[in-house]
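All remarks here apply to the structure that follows.
What follows draws every value from the coordinates through simple rules; no lab data is involved. Just so we're clear, the structure is a prediction, and the values are computed from it rather than from any experiment. For neighbour counting, all protein chains shown are included, and Cβ atoms are generated from backbone atoms with ideal geometry for every residue, glycine included.
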Amino acid sequence: MHDDNLLMKTELSVSEITTLIKKTLEEGFYGLRVSGEISNFKPASSGHWFFTLKDSNASLSAIMFKSSTWKVNFQPREGDKVVVTGSLDVYAARGTYQMKCETMEKSGSGEILALLEERKRKYDAMGYFASGRKKQIPTKPNRVGVVTSSTGAALQDILQILSRRAPSLDILILPATVQGSSAALTIANRIRQANHLLLCDVLIVGRGGGSLEDLLPFSEDAVIQAIYESEIPVISAVGHEIDWALSDFVADLRAPTPSAAAELVSQGILDIRQKVENISLTIRKSMVHTLQLLEHRIPSTTAMQQSIAHLVERREYLLANAGQNMLLAYREKIEKSSQRVILATRELQALSPLAILARGYTLVFDSQGKPVHNREEAKVGEHIKLTFIDGSRKALVEE
Amino acid sequence: MSFETDVSRVEEIAQKLNASDTSLEESLALFEEGMRLSKKLEKTLSEAKSRVEIVLGDESDNAEITPFE
């Protein structure tokens, strides 16, 4: 009261009053928990977050520095209902005050997390999470069961990865509601159904990312119990890498995401594919190697070619020679023959009746053209033909 | 032959082919067999069309299974 009176009587500069306000607000308002709705959320490139917290009647400027934002396990969005802790901070130059936030969680998440922690402790104590009872995930499954929403992105991711990495792997989809109050029961039913009918040799149970509440079905008693009782090895694949659900602890294997679960179940098959490819490559290499070794043992083909060429050349030469000889012999023979022809012709010419006629003799033929050799054949009173060297005359035999 | 025995046979063939005392005739026969088997295995692993099915009924002892999509 005394101070108030003093303040009212004193004239203060803007700086003085601001300093007083800063002192009063910062020393009087710390260790606060404030709930409200996020609006005007602006993440700066520096890593700090600027936003306004509001409810139906009031709003409060807020800032969260980079040193604190990394601890927040979700990405704040417009309209998110959150609880922040921190203190008030006065910015003298502008005459404004704001909430400097140290932590941020979604409204109600504190209770949910506490509940989950308690449930986790309970099942842990009951031995549900014991590493000794984890089943081996088959390295080369024949059919993989997927318990998830048949319309969710998680299923598409899983199908896409499996068809790329292990196209031979059969897939059985066990559609389940993965969000809301009925979700836990449908998920648990699908796990039981797969077991009852022994429909597959490994089960992926999961969904894509979502809020803490969205993922809650995977932490419900029904799901925990069904996974615990499953004869088929179960891979829990809930949300993103930072998300978790109690199904992660009771399952035989936790995959950070549904895609990662698909990669895990197809790894063995992918490994064998690569192994077969490698062996096939090895076989081809060793065959090439064997052939190369053998090739070295065969005498050089060029040397062989040369000797063959040499042989052929020699024979060609001989052949050409023989040809030449033949031609010569042939010519010689023709020469000789023509000599003989000339001689024979001469001889013939000497013997020719024409030659005799040329010497003045005459050939005599009777009327029938027969040669007349003697006196008797030339009958008196008949005509005969006398042939001279230059022609013939008809004559009559008189006596 | 089963998948597993095929894989071990191909491995065995690769080993024999690497051995220096294998004759050419034997090598060729082994090579042919190895390539045939590994092609078959690769085909089984990468080309075989998998069945994608979905369970319709939700009773645990009577499920109707049909192809998905």
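Note on A:158-170: average number of Cβ atoms from other chains within 10 Å of each residue's Cβ is 3.
Taking chain A as a Gaussian network of alpha-carbon nodes connected by springs under 10 Å, the highest mean-square fluctuation of the residues A:142, A:195, A:321 belongs to A:321. In a solvent-free Debye calculation with one equal scatterer on each Cα, what is log10 I(q)/I(0) for the stretch A:354-396 at q = 0.18, 0.23, 0.26 Å⁻¹, listed in the order of the q values? Normalising to I(0) and taking log10 leaves -0.49, -0.75, -0.90. Only the Cβ atoms of Lys and Arg (+1) and of Asp and Glu (-1) were treated as charged; on that basis the dipole of chain A about its Cα centre amounts to roughly 2100 debye.
Among DSSP bridges having both ends in the protein assembly as shown, what percentage is antiparallel? Round to the nearest 5.
65 percent
Summarising the amide proton neighbourhood of residue B:51: residues at separation of 5 or more, or on other chains, whose placed amide H is nearer than 5 Å comprise A:170, A:171. Candidates A:280, A:323, A:372 compared by Cα position along the dipole of the stretch A:265-399: farthest toward the positive end lies A:280, with charges placed on Cβ.
To the nearest ten degrees, helix A:109-125 and the longest principal axis of the Cα atoms of chain A are 70 degrees apart. Note on B:30-38: average number of Cβ atoms from other chains within 10 Å of each residue's Cβ is 4.
Between residue A:15 and residue A:349, the simple label model (points 7 Å from Cα in the Cβ direction) yields a spacing of 16.0 nm. Take the Cα of residue A:8, step 7 Å toward its Cβ, do the same at residue A:370, and the gap between the two points is 19.8 nm.
Each part reduced to its alpha carbon centroid, the stretch A:332-359 and the stretch A:37-114 end up 144 Å apart. For the residue pairs A:285/B:39; A:134/A:275; A:370/A:394; A:140/B:43, alpha carbon separations beyond 18 Å are given by A:134/A:275. A simple charge model with +1 on the Cβ of Lys and Arg, -1 on the Cβ of Asp and Glu and nothing else charged puts the dipole of the stretch A:225-346 at about 2340 debye relative to its Cα centre.
What does the structure give for A:144-156 when I average, per residue, the other chain Cβ atoms found within 10 Å of the residue Cβ?
The per-residue average across the peptide is 1.
Taking the DSSP bridge list for the stretch A:3-107 and keeping only pairs wholly inside it, about 90 percent are antiparallel. For residue A:179 and residue B:28, FRET efficiency with R0 = 60 Å and r from the beta-carbon atoms, rounded to 0.05? It comes to 0.45. Backbone geometry of the stretch A:38-51 corresponds, through the Karplus equation with coefficients 6.51, -1.76 and 1.60 at θ = phi - 60°, to 3J(HN,Hα) couplings of 7, 9, 6, 6, 10, x, 8, 5, 6, x, 7, 10, 10, 7 Hz, x marking Gly and Pro. For chain A, the 222 nm mean residue ellipticity estimated from helices alone, with every DSSP H stretch of n ≥ 4 adding -39500 (n - 2.57) and the total spread over all residues, rounds to -15500 deg cm²/dmol. Once the gyration tensor of the Cα atoms in the stretch A:3-107 is diagonalised, the equivalent ellipsoid follows with semi-axes of 30, 14, 12 Å, ordered largest first. Specify the inter-centroid distance of the stretch A:208-247 and the stretch A:282-319, based on alpha-carbon positions, in whole Å. So the separation of the two Cα centres works out to 71 Å. Residue-normalised convex hull volume from the C-alpha trace of the protein assembly as shown: 528 Å³ per residue. With the convex hull of the Cα atoms taken as the outline of the stretch A:112-270, the averaged projected area works out to 8.2 nm².
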